[in-house]
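Colleague: Before I ask anything, let me first share the structure, which is written out below as structure tokens.
The values are calculated or read from the model by the stated rules, or taken from the named source; none is laboratory data. Quick caveat: nothing in here was measured; it's all calculated off a predicted structure. All Cβ positions, glycine included, derive from the backbone under ideal geometry; neighbour counts span all protein chains shown.
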Ligand SMILES: *Cc1c(COP(=O)(O)O)cnc(C)c1O
């Protein structure tokens, strides 16, 4: 009423006596309403007909007939009925007084308070916006299957709810400082507040949400200002969720689990037999198998290193699957495809490097700011060695002799030096060989496979040559390498054979490889079963990827104003519909659009 008095005085100064008179009448009616409320009188019907003037184009006001129906049936009094109903009813009564006046139709008695509160919550809005920008990078590929997704969901919902907790009507005793501290509470505290929540339906909500496809979510807006900002954040989050990758059938998941566990047991047994202290890394080679298989292995066995042979297949799978998978590329690579691979932020290693051109191509592509900024480590590379000297097999010649200072540097040595000196974004991690099928099939004693012996020998000669090459050593000391922001600088330490890994051993010969010191075994068929390169398998794979690619869980969010006039003073009823780009380095267009229409209203006549 204070605001109303003030406004009356202002109008009086302008000599508008008719409006002042009407305003004073309104003040009396509001006093009457206050009396009814404090004396717990029966709620009076509103009697609003279609003919009652209303400003529905400016204020989207829902029908009031339902109020009168309830009043007729339940005969509620102010104190003896549901609190939410009487609260809504109170604002509706107030609203009617103004709506049916002549001079006060568009006057918002709460306008000043709301504008003040919104300005005062600037710190909270800023904190939320910053937090959200960070989250968007972290959650750039949220699929409902990801482990963190449900937690993220409850964080965003909490933020939205905490916006409501700062509603002035609920915290009448709180001062601005208190409000500000509430609004910029760090995310963990917000979550902890869940302990104080009596009924928490969030898990149910999440389970429902994750089964949607192109669903629609309706949000009832509570208030303008800070609450609206957090509601928009929630909407934006909902629109960014994608359908989970198709799930492998239970029997298939069980099969994969027992296969991969079987391979791990074989690795351990081989290590025990050969007295190897540090078991090699298991690289599960998932080429030509559908993404649901990878997902099943990921979930059921905790496998994180996966290998792929085809650039497009790796790119598609990386796009669809969780970000903490570490992808190894192990196939033939043309240098014009290096760009595609380099754009995968969780590409862990390229194991099939066999030319300077390719090394420089990868270096150039990884160094691009848009790629480098998303990486958490340099790209590890292995130089492929054609130990079996087969025609048509890629890889450089093995080093079978010690290098002599006056000789030309052999190709393997030259490439290793090129990587170490001219490719700051790459790290030479080791040598890789595929080896001849015949060699792994032949019934060798564990230490006799000539391909593995040749790789071991190549490493010995390579490290020895690098150490003795004074010119190279000088240059190496003058070189600086790139490390991603925020991670420990890692470069080449003291050169020794232990610094260079050996990637060797596949399904058929992993025991032999381990006996000869393999650091990385690449196992395909024994992890995933036989693979088929026929068109049926390709179709299953592509259908899965396509299904994942295009389907948001929610593609429409509809905002409704509560059945309480004034509460959303910007008259903000919006449909947000989106085809969001899945690389969220850019701020999402829907959020930008919504916020730009959110300027606090100032009504001054
Ligand atoms: C396919 C492939 C593997 C896996 O072979 P399996 O015999 O199925 O274990 C390992 N390394 C490379 C380079 C491959 O292309």
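Colleague: Going by the structure shown, is residue 460 more than 16 Å from the ligand (Cβ to nearest atom), outside any strand (DSSP E or B) and within 30 Å of residue 524 (Cα to Cα)?
Modeller: Values: more than 16 Å from the ligand (Cβ to nearest atom): yes; outside any strand (DSSP E or B): yes; within 30 Å of residue 524 (Cα to Cα): yes.
So residue 460 passes the test.
Colleague: Now, a different point. Within 16 Å of the ligand (Cβ to nearest atom) and under 16 Å from residue 356 (Cα atoms): is that true of residue 431 in this structure?
Modeller: So residue 431 fits the description; yes.
Colleague: Looking at 140, 169, which is the one that is at pLDDT below 80, surrounded by 12 or more Cβ atoms within 10 Å (Cβ to Cβ) and not in a helix (DSSP H, G or I)?
Modeller: When all the criteria are applied, what remains is 140.
Colleague: If a residue has to be under 18 Å from the mean Cα position of the chain (by Cα), surrounded by fewer than 18 Cβ atoms within 10 Å (Cβ to Cβ) and in contact (Cβ under 8 Å) with a residue 24 or more places away in the chain to count, how many in segment 324-334 make the cut?
Modeller: Going through segment 324-334 one residue at a time, the tally reaches 0.
Yes or no, residue by residue, for (1) touching a residue at least 24 places away in the same chain (Cβ under 8 Å); (2) more than 16 Å from the ligand (Cβ to nearest atom); (3) within 25 Å of the chain's Cα centre (by Cα); (4) part of a loop (DSSP other than H, G, I, E, B):
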| position | (1), (2), (3), (4) |
| --- | --- |
| 252 | yes, yes, no, no |
| 256 | yes, no, no, no |
| 260 | yes, no, no, no |
| 284 | yes, no, yes, no |
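Colleague: Out of all the residues in segment 496-509, which are surrounded by fewer than 17 Cβ atoms within 10 Å (Cβ to Cβ) and away from the ligand (no atom under 16 Å from the Cβ)?
Modeller: Correct list: 496, 497, 498, 499.
Colleague: Going through segment 63-107 one residue at a time, which ones are surrounded by 12 or more Cβ atoms within 10 Å (Cβ to Cβ), more than 44 Å from the chain's Cα centre (by Cα) and under 19 Å from residue 24 (Cβ atoms)?
Modeller: Listed by number, the residues that qualify are 93, 94, 96, 97, 98, 99, 100, 101, 103, 104, 105.
Colleague: Just wondering, is there one or more residues in segment 467-479 that are out of contact with any strand residue (DSSP E or B) (no Cβ under 9 Å at 6 or more places or on another chain) and within 16 Å of the ligand (Cβ to nearest atom)?
Modeller: Scanning segment 467-479, I find no residue that is out of contact with any strand residue (DSSP E or B) (no Cβ under 9 Å at 6 or more places or on another chain) and within 16 Å of the ligand (Cβ to nearest atom), so the answer is no.
Colleague: Starting from residues that are under 53 Å from the mean Cα position of the chain (by Cα) and buried (at least 16 other Cβ atoms within 10 Å of the Cβ), keep the ones in segment 9-32 and report whichever is nearest to residue 76 (Cα to Cα).
Modeller: 30
Colleague: Kindly indicate the residue of segment 444-469 that is out of contact with any helix residue (DSSP H, G or I) (no Cβ under 7 Å at 6 or more places or on another chain) and under 17 Å from residue 514 (Cβ atoms) and also surrounded by the most Cβ atoms within 10 Å (Cβ to Cβ) among those meeting that condition.
Modeller: This residue is 455.
Colleague: Would you please name the residue that is nearest to residue 267 (Cα to Cα), looking only at residues in segment 510-537 that are more than 10 Å from the ligand (Cβ to nearest atom) and without any contact (Cβ under 8 Å) to a residue 60 or more places away in the chain?
Modeller: 534
Colleague: Name the residue that is farthest from the ligand (Cβ to nearest atom), counting only residues in segment 351-380 that are under 19 Å from residue 492 (Cβ atoms) and under 25 Å from the mean Cα position of the chain (by Cα).
Modeller: Result: 367.
Colleague: Hey, residue 273 hits all of (1) away from the ligand (no atom under 16 Å from the Cβ); (2) touching a strand residue (DSSP E or B) at 6+ places or on another chain (Cβ under 8 Å); (3) over 19 Å from residue 351 (Cα atoms) but one; which does it fall short on?
Modeller: Here residue 273 clears every test but (2).
Colleague: Would you check which residues across segment 45-62 are exposed (fewer than 13 other Cβ atoms within 10 Å of the Cβ) and modelled with pLDDT of 75 or more and list them?
Modeller: Within segment 45-62, 47 is the sole residue that qualifies.
Colleague: Take residue 336 and tell me if it is modelled with pLDDT under 95, more than 16 Å from the ligand (Cβ to nearest atom), in contact with a helix residue (DSSP H, G or I) (Cβ under 9 Å, 6 or more places away or on another chain) and within 26 Å of residue 213 (Cα to Cα).
Modeller: The answer is no for residue 336.
Colleague: Here's another thing I want to ask about it. Among the residues of segment 470-487, write down those that are within 21 Å of residue 363 (Cβ to Cβ) and touching a helix residue (DSSP H, G or I) at 6+ places or on another chain (Cβ under 8 Å).
Modeller: 472, 475, 476, 479, 482, 484
Colleague: Collect the residues in segment 276-313 that are out of contact with any helix residue (DSSP H, G or I) (no Cβ under 7 Å at 6 or more places or on another chain), surrounded by 24 or more Cβ atoms within 10 Å (Cβ to Cβ) and either more than 23 Å from residue 532 (Cβ to Cβ) or modelled with pLDDT under 95 (or both), keeping them in residue-number order.
Modeller: Across segment 276-313, the qualifying residue is only 295.
Colleague: Out of the residues in segment 359-395 that are in contact with a strand residue (DSSP E or B) (Cβ under 8 Å, 6 or more places away or on another chain) and in a helix (DSSP H, G or I), state the one that is farthest from residue 487 (Cα to Cα).
Modeller: 359
Colleague: Looking at 266, 273 in this structure, which one is touching a residue at least 60 places away in the same chain (Cβ under 8 Å), over 17 Å from residue 528 (Cβ atoms) and not in a loop (DSSP other than H, G, I, E, B)? Steps first, answer last, please.
Modeller: Details: 266 fails: over 17 Å from residue 528 (Cβ atoms).
Result: 273 is the single residue among 266, 273 that is touching a residue at least 60 places away in the same chain (Cβ under 8 Å), over 17 Å from residue 528 (Cβ atoms) and not in a loop (DSSP other than H, G, I, E, B).
Colleague: Taking the residues in segment 286-322 that are within 16 Å of the ligand (Cβ to nearest atom) and in a helix (DSSP H, G or I) as candidates, determine which candidate is farthest from residue 334 (Cα to Cα).
Modeller: 297
Colleague: Looking at segment 341-348, is at least one residue within 16 Å of the ligand (Cβ to nearest atom), within 23 Å of residue 415 (Cα to Cα) and not in a strand (DSSP E or B)?
Modeller: Yes, the conditions are met somewhere in segment 341-348.
Colleague: Turning to a different aspect of this structure: Being within 14 Å of residue 463 (Cα to Cα) and part of a loop (DSSP other than H, G, I, E, B) narrows it down to one residue among 414, 398; which is it?
Modeller: None of the other options fit; the residue is 398.
Colleague: From (1) more than 24 Å from residue 303 (Cα to Cα); (2) within 15 Å of the ligand (Cβ to nearest atom), pick out the condition that doesn't hold for residue 330.
Modeller: Condition not satisfied by residue 330: (1).
Colleague: Here is a further query. Take residue 422 and tell me if it is away from the ligand (no atom under 16 Å from the Cβ) and modelled with pLDDT of 95 or more.
Modeller: The answer is yes for residue 422.
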